[in-house]
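Asker: Before I ask anything, let me first share the structure, which is written out below as structure tokens.
Any read-out appearing in this document is the output of simple, stated calculations on the displayed coordinates, not a laboratory observation. Just so it is clear, the model here is predicted, and its values are computed rather than measured. Virtual Cβ from ideal backbone geometry, glycine too; neighbours counted across all protein chains shown.
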Amino acid sequence: MNAGHGAGMFRRVVVKLSGEALTGGDTHGLNAQTVQRIAADLVAASDSGTEIAVVVGGGNFFRGIQGATKGIERARADSIGMLATVMNALAIEAAVEAEGYPARALSAVPMPSVCQPYSRQAALHHLAKGRICVLAGGTGNPFFTTDTGAVLRAAELSCDAVMKATQVDGVYSADPKRDPSATRFAELTHDEAIARNLAVMDTAAFALARENRIPIIVFSIAAEGAIRSALEGSGTFTLVTP
């Protein structure tokens, strides 16, 4: 779908990356080539004139909700997951800098010897300076996903959209990997996504986006240049609107 959005229409966006997106063809951890490809894509998107903040998950190392099923209390498991997001943020920061572009990792879980603590003022300062901000630690609290964290940061930073990078090219009526009859939505509203219980983002994230009237662009991160293509309104994606 081409929704008519161009890079010039988005002054500032949050790109939401899952931890799994950084594994490439591996089962876990970081795939160096994949991380570098995504970093180059982020740089190209930023070069288009849009300020880029990145919220990254940690599922390639540890997922809090899965840890909770293995005997770790949920709050503690989520804290472990937040630390995993910091590892990913540092890897993305390094990869962006290897492209010759400025980046700053900021964490909602303060660890000043590793990276700068997150604050709205600090993130806005770095974005205004043309730096790619990689935001780690989710919301800084247990029981909230990094999807909800991405929408929260988008609201805090007055972003024009959340770009949700996934393993599929949009929002489907069911999991297309399991259900061949699943159909892709070109466009839908936050209310429809919540009512249909579409699992591409959790309900809290959709509800927060709806309250703050933040559109969500859902696209596949698999192809080279996917972020910039979705930012420019080309390629295949689903637009979720207020």
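Asker: Please list, in order along the stretch 178-183, the HN-Hα scalar couplings obtained from phi with the Karplus expression 6.51 cos²θ - 1.76 cosθ + 1.60 (θ = phi - 60°), rounded to whole Hz, x for Gly and Pro.
Answerer: 10, 10, x, 8, 4, 10
Asker: For the residue pair M111 and T189, what label-to-label distance in nm results when each label sits 7 Å from Cα along the Cα-to-beta-carbon direction?
Answerer: For the pair M111/T189, the computed spacing is 4.2 nm.
Asker: Using a simple charge model, +1 on the beta-carbon of Lys and Arg, -1 on the beta-carbon of Asp and Glu, nothing else, what dipole does the stretch 55-155 show about its Cα centre, in debye to the nearest 20?
Answerer: I would put it at about 180 debye.
Asker: Further, regarding this structure: Only four residue types carry charge here, +1 at the Cβ of Lys and Arg and -1 at the Cβ of Asp and Glu. Report the dipole size of the chain about the Cα centre in Debye, rounded to the nearest 20.
Answerer: Approximately 380 debye in magnitude.
Asker: Can you list the lysines whose alpha carbon sits under 19 Å from that of K16, skipping same-chain ones fewer than 8 residues off?
Answerer: By straight Cα distance, K16 reaches K164.
Asker: Further question on the same structure: What residues qualify as long-range amide H neighbours of I132, i.e. H under 5 Å apart, gap of 5 or more or another chain, H built at 1.01 Å from N?
Answerer: A103, R104
Asker: So between R120 and S158, what do we pick up on full extension, going 0.36 nm a residue minus the alpha carbon distance?
Answerer: 12.7 nm
Asker: Rounding to the nearest 20 debye, state how big the charge dipole of the stretch 1-128 is about its Cα centre with +1 on each Lys and Arg Cβ and -1 on each Asp and Glu Cβ. Before the final figure, lay out the partial values.
Answerer: Details: 10 positive and 10 negative charges, 85 e Å.
With Lys and Arg at +1 and Asp and Glu at -1, about 420 debye.
Asker: Hey, another quick one. When the chain is modelled as a GNM with alpha-carbon springs shorter than 10 Å, which of K129, K16, K177 fluctuates the most?
Answerer: Highest fluctuation among the options: K177.
Asker: So what J values fall out for the stretch 123-138 if you push phi through Karplus, 6.51 cos²θ - 1.76 cosθ + 1.60 with θ = phi - 60°, rounded to Hz, Gly and Pro as x?
Answerer: Each residue of the stretch 123-138 in turn: 5, 4, 4, 5, 4, 5, 7, x, 8, 7, 9, 9, 9, 10, x, x Hz.
Asker: Sticking with this one: Quick one: net charge around T34, please, counting Lys, Arg +1 and Asp, Glu -1 for every other residue with C-beta under 11 Å from its C-beta.
Answerer: Once positives and negatives cancel, what remains is -3.
Asker: To the nearest 0.05, how large is the calculated FRET efficiency for T203 and H28 if R₀ is 30 Å and r is the Cβ-Cβ distance? Write down the numbers at each step before the final one.
Answerer: Values: r = 27 Å, r/R0 = 0.92.
The calculated FRET efficiency here is 0.65.
Asker: What does the net charge come to around A103 if you take all other residues with beta carbon closer than 12 Å to its beta carbon, with K and R at +1 and D and E at -1?
Answerer: 0
Asker: Can you tell me the convex hull volume per residue for the stretch 103-242, based on C-alpha atoms, in Å³ to the nearest whole number?
Answerer: It comes to 126 Å³ per residue, whole-number rounded.
Asker: Any idea what the alpha-carbon Rg over 2.2 N^0.38 Å comes to for the stretch 1-117?
Answerer: Taking the Cα Rg and dividing by 2.2 N^0.38 Å, one obtains 1.16.
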